[in-house]
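Asker: For reference, the structure I am asking about is given below.
Here, each number is a calculation from the coordinates, and none is a lab measurement. Keep in mind that this is a model prediction, so the values were computed, not measured. In this analysis, Cβ positions are derived from the backbone assuming ideal geometry, glycine residues included, and neighbour counts consider all displayed protein chains.
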């Protein structure tokens, strides 16, 4: 099996989960793995888009447009989640001196802690799904599943247009 195919399928599954906003299973795993009670108390207030924004910001500060593009969500969805994350002191908005029109977001130390646990949850999920599913199917079967999931994503994205 090629390394790209499982990653592609995992990304498609993540996109489906983001679109359906099924945060409960992720939050349950994360609650069990966050050690600070104050961070556990914040977790139910964070949407799945918010969790993915935190993870995305680990690499570098980004604008709302960059986050929306990277996460395949609307700019409005990023704006709503970023407002909550800012209120919870998990991210801070800032404007570079050279770019007064763009607002960037960066993680706070608390945001970094939650993002790290969120990334660990995805790594654990991907390893478990690899053992449970990827080894069970051939590359051709996995490619078919990947094509199907992409077709489903495209259908849902264009359904109301």
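Asker: When the chain is treated as a GNM, springs tying every alpha-carbon pair under 10 Å, which of 91, 48, 129 comes out with the largest mean-square fluctuation?
Answerer: Between 91, 48, 129, it is 129 that shows the largest mean-square fluctuation.
Asker: Still on this structure, I have one more. Relative contact order for segment 1-92: what is it in percent, counting Cα pairs under 8 Å that are at least 6 residues apart?
Answerer: 25 percent
Asker: How high is the relative contact order of the chain, given as a whole-number percent (alpha carbon pairs under 8 Å, six or more residues apart)?
Answerer: Relative contact order comes out at 30 percent.
Asker: Suppose R0 equals 35 Å; then what is the FRET efficiency for residue 5 and residue 97 from their Cβ-Cβ distance, rounded to the nearest 0.05?
Answerer: 0.20
Asker: If you don't mind, another one. Which of these, 44, 96, 61, has the largest mean-square fluctuation under a Gaussian network model of the chain (Cα springs below 10 Å)?
Answerer: 96
Asker: Calculate the all-directions average of the projected area of segment 4-158's alpha-carbon convex hull, and give it in nm².
Answerer: Mean shadow area of the hull around the Cα atoms is 10.1 nm².
Asker: Right, next: If you stretched the chain out fully between residue 80 and residue 131, how much longer would it get, using 0.36 nm times the residue separation minus the C-alpha to C-alpha distance?
Answerer: Length gained, residue 80 through residue 131: 14.8 nm.
Asker: Right, something else. Run lengths n ≥ 4 of DSSP H only: what is the helix-derived mean residue ellipticity at 222 nm for the chain, with -39500 (n - 2.57) per run over all residues, to the nearest 500?
Answerer: It lands at -21000 deg cm²/dmol.
Asker: While we're looking at this one, here's another question. Using the alpha-carbon atoms, what tilt in degrees (0 to 90, nearest 10) does helix 139-158 show relative to the longest principal axis of the chain?
Answerer: 50 degrees
Asker: Mind pulling the angle between the C-alpha long axis of helix 24-33 and the longest principal axis of the chain? Nearest 10 degrees, somewhere in 0 to 90.
Answerer: The answer is roughly 70 degrees.
Asker: Output the 0 to 90 degree angle, nearest 10, between the alpha-carbon long axis of helix 75-87 and the longest principal axis computed from the alpha carbons of the chain.
Answerer: The two axes meet at around 50 degrees.
Asker: Compute the separation of the alpha-carbon centres of segment 108-161 and segment 89-104 and state it in Å as a whole number.
Answerer: That distance is 31 Å.
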